[in-house]
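Novice: Have a look at the structure that comes next, please.
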Amino acid sequence: MKFTMPRLTFWRAVLIIILVLGAYATFIRFFYGLGAATHLSDEFPWGIWIGFDVLCGVMLAAGGFTLMAAINIFNVKRFKPVVRPALLTAFLGYLLVCGALLFDLGKPYNIWHPLIMWNPHSVMFEVGWCVTLYTTVLAIEFAPMVFERLRMEKPLRILHFISTPIVILGVLLSTLHQSSLGSLYLIVPEKLYPLWYTPLLPVFFFISAIAVGLAMTIFESTLSARHLGHHLELPLVKDLGRIMVVVLTFYGVFRLLDLNNRGAMKYVWTFDYESSLFLVEIALSLVLPLLLMLFKQVRDSAMGLYLVSVLVVTGFITNRMNIAVTGMERASGVTYFPKWTEIVVTLAIVGVGFAAFAIATKYLPVFSANDESHLGPTAAREGAHALDQAPATFV
Amino acid sequence: MSKAILYDATLCIGCKQCEEACARENKLPYDEAVAKEEKTSDHKFTTVMSLPGDKYMRKLCMHCADPSCASVCPVGALEKTKAGPVVYDEGKCMGCRYCMVACPFSIPKYEWTKQIPRVRKCEMCKERTLTGGITACTEACPTGATMFGELDEMYALAQQRLRENPENYVKQIYGAQQGGGTSVLLLSSIPFEKFGYKSNLPNESLPALTFRVLSHIPDVVSLGFVLLGGIYWITNRREDVALAEGRQAAKPNGDKKTRGQS
């Protein structure tokens, strides 16, 4: 195959600029240390590399386990056409989270230490193990796309044989570490602002991960239908939207009850720094999406569902950032705003994610279950053949 | 037995000899400029804070009985020793800084300017105290404001002082209960909050808040595996039954056939 120079589009230009700046920021981080590359301090040791890159990164990758559970455990087979993009997002997401951790860790070359130096009392230890194992599970769940492309049928049969326990393991590992990211903050009741500190943090992290997993699936399905020329399964996306409404409502009511039971309602309407950002979070993640979904025009249209999914994703990103940054500032006695290097590294990681997603959908049968035209006629026929043989669980 | 430090602020004259001794013991730079810094940092493990009216208060690692830092460290780089000190192993540390986030007293400090940074904090002179010696700060203290000994003896002494001279002290031994108790006990004539010591710490150990949840993981895994496996079995068996009864000849898809295990 002859290599042709890709056309320079607006978004590709943006990506290149971000990556060049990201490379410079990476140089600063690893040659001059965390002090030069971040606005972190003894008072504020975790910034957006933990708050966004890790907490949000893992949350945004939740579509993989949500759909795998729906399709393969609850046997809702009609969601199959959207499972592969969700798995791809999840796999890329976890790889990027691991990459981002290398920036944030003071001694990144020791990242493997938790695997041999155990401390079962540490949430971080548990998260480390779960993320390592789940990334492996995702690699196994993702592998059929590669093997199909290479038309290797024997590995596909082996993968099929182990598929059910692997899916269950993946769902369990996700349940554990999605919630454990909330448990990270259980130990700081006197530092995290009462609007966010609750013994139920792990439960809220888990439920919101499911909502965000559904929102991300709607988001990426719509986006790739628009920009990568795949067919959008509107009926499926509508169903995803409805399930999301149920999860969001449940979460909202639960959150309200918890605030009330802890006597934290008095902090809601003070309109100070924390209260304002809390209200922004609730408006974006719960109030606006649920209000919009009351309208038939919104919940039955691709554009409306896309908008709602963007709101939900933004809302829960705000939630995670509120917990990691906003809620921790007052007790620390300092204010924290990320340095440009922190922002650029984060943007570069997101950019790499988008680019990798686009490239993977181009070369792997991610959407091929319902759209094979881009593989060419022969490949399409053989691809279809491979799909017939492919493991039930992973297709 | 577990050792402890008792610091009685009413005996302190603010001479900062403890600071200097600490710097010498830990091979840290110490001069006029460092002496003026009234906060702990990666190059200052203890400090004597002062307020008008010759009020002084030391700040150093509290060496909690059940330390948050040791509980959250994913690699066990921080450890509570039987002898009392909470010690740090830089070889294990991967630099996640969860200890800094978790410590209720904000004690662990980081070498932000170094390419390969370490966590730094008071280790209660582990080379000395783990072999039966006393801490450098205690040794240097000219007035006996800082004392070192068995935890229960130090606690008894603190109680005795509160009992015998109640007019000299606020009615509290800071560290006796905070976060489940610490191996550094503080006495003061003015409220501890004035020096930045938190009054909102729970009396139970903070790691317990986490472990209450973490200890359920084996249950979640074992019950979850059975539950999810069961749901899988039921939902997929329905399909097989339907297939066997011939009700569902509509879509004999290739992938349905291959699921033979259930």
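Novice: Restricting to region A:176-194, name every residue that is open to solvent by 10 Å² or more (accessible area, probe 1.4 Å) and more than 17 Å from A:Asp53 (Cα to Cα).
Specialist: Across region A:176-194, the qualifying residues are A:Leu176, A:Pro189, A:Glu190, A:Lys191, A:Tyr193, A:Pro194.
Novice: Quick check on region A:12-24. Is at least one of its residues outside any helix (DSSP H, G or I), more than 26 Å from A:Gly170 (Cα to Cα) and away from chain B (no Cβ under 14 Å)?
Specialist: no
Novice: May I ask you to verify whether A:Asn110 is in contact with a Gly (Cβ under 6 Å, 6 or more places away or on another chain), of a type in the set (S, T, N, Q) and free of Cβ contacts under 8 Å to residues at least 40 places away in the same chain?
Specialist: In short, no.
Novice: Still on this structure, I have one more. Consider B:Arg259 against the criteria (1) at the interface with chain A (Cβ under 7 Å from one of its Cβ atoms); (2) open to solvent by less than 80 Å² (accessible area, probe 1.4 Å); (3) at pLDDT 90 or above: it satisfies all of them except one. Which criterion is unmet?
Specialist: Only one criterion is unmet by B:Arg259, namely (3).
Novice: Just to be sure I understand, how many residues within region B:212-238 are more than 7 Å from chain A (Cβ to nearest Cβ) and of a type outside the set (Phe, Trp, Tyr)?
Specialist: The total comes to 13.
Novice: Something else now. Give the residues of region B:134-156 that are within 16 Å of B:Leu11 (Cα to Cα) and either open to solvent by less than 40 Å² (accessible area, probe 1.4 Å) or part of a loop (DSSP other than H, G, I, E, B) (or both), sorted by residue number.
Specialist: Of everything in region B:134-156, those that are within 16 Å of B:Leu11 (Cα to Cα) and either open to solvent by less than 40 Å² (accessible area, probe 1.4 Å) or part of a loop (DSSP other than H, G, I, E, B) (or both) turn out to be B:Cys137, B:Thr138, B:Ala140, B:Cys141, B:Pro142, B:Thr143, B:Gly144, B:Ala145, B:Thr146, B:Phe148, B:Met154.
Novice: If we keep just the residues of region B:88-118 that are β-branched (Val, Ile, Thr) and surrounded by 20 or more Cβ atoms within 10 Å (Cβ to Cβ), which is nearest to the other protein chains (Cβ to nearest Cβ)?
Specialist: By that ranking, first place goes to B:Val101.
Novice: Taking the stated definitions as given, is B:Lys171 open to solvent by 20 Å² or more (accessible area, probe 1.4 Å), among the charged types (D, E, K, R), under 30 Å from A:Phe205 (Cα atoms) and part of a loop (DSSP other than H, G, I, E, B)?
Specialist: Judged against the criteria, B:Lys171 is not a match.
Novice: Within region B:206-228, restricting attention to residues that are small (Gly, Ala, Ser) and exposed (fewer than 15 other Cβ atoms within 10 Å of the Cβ), which residue is nearest to B:Thr182 (Cα to Cα)?
Specialist: Filtering region B:206-228 for residues that are small (Gly, Ala, Ser) and exposed (fewer than 15 other Cβ atoms within 10 Å of the Cβ), the one nearest to B:Thr182 (Cα to Cα) comes out as B:Ser215.
Novice: I've got another one for you. Tell me which of these B:Glu164 doesn't satisfy, since it passes every other one: (1) without any contact (Cβ under 8 Å) to a residue 24 or more places away in the chain; (2) open to solvent by less than 30 Å² (accessible area, probe 1.4 Å).
Specialist: (2)
Novice: Can I ask one more? Scanning region B:175-211 for residues that are within 8 Å of chain A (Cβ to nearest Cβ) and free of Cβ contacts under 8 Å to residues at least 40 places away in the same chain, which turns out nearest to A:Met124 (Cα to Cα)?
Specialist: Within region B:175-211, the match that is nearest to A:Met124 (Cα to Cα) is B:Leu209.
Novice: If you don't mind, another one. Just checking, how many residues over region A:90-131 are in contact with a Phe, Trp or Tyr (Cβ under 7 Å, 6 or more places away or on another chain), of a type outside the set (A, V, I, L, M, F, W, C) and away from chain B (no Cβ under 11 Å)?
Specialist: 1
Novice: Among (1) assigned to a helix (DSSP H, G or I); (2) in contact (Cβ under 8 Å) with a residue 60 or more places away in the chain, there is one condition A:Leu186 misses while meeting the rest; what is its number?
Specialist: Unmet condition: (1).
Novice: Follow-up question, since we're still on this one. Take residues that are hydroxyl-bearing (Ser, Thr, Tyr) and tell me which of the helices (runs of 4 or more DSSP H) falling wholly in region B:1-96 contain 2 or more.
Specialist: In region B:1-96, B:68-72 are the helices (runs of 4 or more DSSP H) which contain 2 or more residues that are hydroxyl-bearing (Ser, Thr, Tyr).
Novice: Could I ask something else about it? Could you tell me how many of the residues in region A:224-241 are among the acidic types (Asp, Glu) and part of a helix (DSSP H, G or I)?
Specialist: Qualifying residue count for the region: 1.
Novice: Out of (1) in contact (Cβ under 8 Å) with a residue 24 or more places away in the chain; (2) facing chain B (nearest Cβ under 10 Å), what's the single condition that is false for A:Ser174?
Specialist: The single condition A:Ser174 does not satisfy is (2).
Novice: I'm trying to understand the selection: among the residues of region B:1-37, which are farther than 27 Å from B:Asn165 by Cβ and open to solvent by 70 Å² or more (accessible area, probe 1.4 Å)?
Specialist: B:Met1, B:Glu20, B:Arg24, B:Lys27, B:Pro29, B:Asp31, B:Glu32, B:Lys36
Novice: Any idea which of A:Thr164, A:Thr132, A:Thr89 is under 22 Å from A:Leu240 (Cβ atoms), in a helix (DSSP H, G or I) and among the polar types (S, T, N, Q)?
Specialist: The conditions single out A:Thr89.
Novice: Tally up the residues in region A:308-347 that are more than 14 Å from chain B (Cβ to nearest Cβ), closer than 25 Å to A:Ile18 by Cβ and open to solvent by 10 Å² or more (accessible area, probe 1.4 Å), please.
Specialist: 14
Novice: Hey, A:Ala37 hits all of (1) open to solvent by less than 20 Å² (accessible area, probe 1.4 Å); (2) more than 14 Å from chain B (Cβ to nearest Cβ); (3) not acidic (Asp, Glu) but one; which does it fall short on?
Specialist: (2)
Novice: Sticking with this structure for a sec: So A:Ile349 fits all but one of (1) closer than 22 Å to A:Leu181 by Cβ; (2) touching a Phe, Trp or Tyr at 6+ places or on another chain (Cβ under 6 Å); what number is the exception?
Specialist: (2)
Novice: Out of curiosity, is A:Pro144 open to solvent by 10 Å² or more (accessible area, probe 1.4 Å) and either at the interface with another protein chain (Cβ under 8 Å from one of its Cβ atoms) or under 30 Å from B:Arg237 (Cα atoms) (or both)?
Specialist: Spelling it out, it is not the case that A:Pro144 is open to solvent by 10 Å² or more (accessible area, probe 1.4 Å) and either at the interface with another protein chain (Cβ under 8 Å from one of its Cβ atoms) or under 30 Å from B:Arg237 (Cα atoms) (or both).
Listed here are the residues, each with its yes/no results for (1) assigned to a helix (DSSP H, G or I); (2) in contact (Cβ under 8 Å) with a residue 60 or more places away in the chain; (3) of a type in the set (Phe, Trp, Tyr).
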residue: A:Leu192; (1), (2), (3): no, yes, no
residue: A:Pro199; (1), (2), (3): no, no, no
residue: A:Ala209; (1), (2), (3): yes, yes, no
residue: A:Thr222; (1), (2), (3): yes, yes, no
residue: A:Arg255; (1), (2), (3): yes, no, no
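Novice: Check whether at least one residue in region A:166-175 is more than 28 Å from A:Glu274 (Cα to Cα) and open to solvent by 40 Å² or more (accessible area, probe 1.4 Å), and report yes or no.
Specialist: Checked region A:166-175: at least one residue is more than 28 Å from A:Glu274 (Cα to Cα) and open to solvent by 40 Å² or more (accessible area, probe 1.4 Å).
Novice: Please state which of the following conditions A:Phe30 fails to meet, knowing it meets all the rest: (1) open to solvent by 10 Å² or more (accessible area, probe 1.4 Å); (2) over 19 Å from A:Ser208 (Cβ atoms); (3) outside any loop (DSSP other than H, G, I, E, B); (4) touching an Asp or Glu at 6+ places or on another chain (Cβ under 8 Å).
Specialist: (4)
Novice: Oh, and also: Taking A:Leu291 as the residue in question, decide whether it is modelled with pLDDT of 95 or more and either open to solvent by less than 70 Å² (accessible area, probe 1.4 Å) or among the hydroxyl-bearing types (Ser, Thr, Tyr) (or both).
Specialist: For A:Leu291, the condition - modelled with pLDDT of 95 or more and either open to solvent by less than 70 Å² (accessible area, probe 1.4 Å) or among the hydroxyl-bearing types (Ser, Thr, Tyr) (or both) - is not met.
The values are calculated or read from the model by the stated rules, or taken from the named source; none is laboratory data. Worth saying up front: this structure is predicted, and the values here are computed from it rather than measured. We place every Cβ from the backbone using ideal geometry, glycine too, and count neighbours over all the protein chains shown. The accessibility values were calculated without ligands, DNA or RNA, using every heavy atom of the protein model including side chains. Shrake-Rupley method; radii C 1.70, N 1.55, O 1.52, S 1.80 Å.
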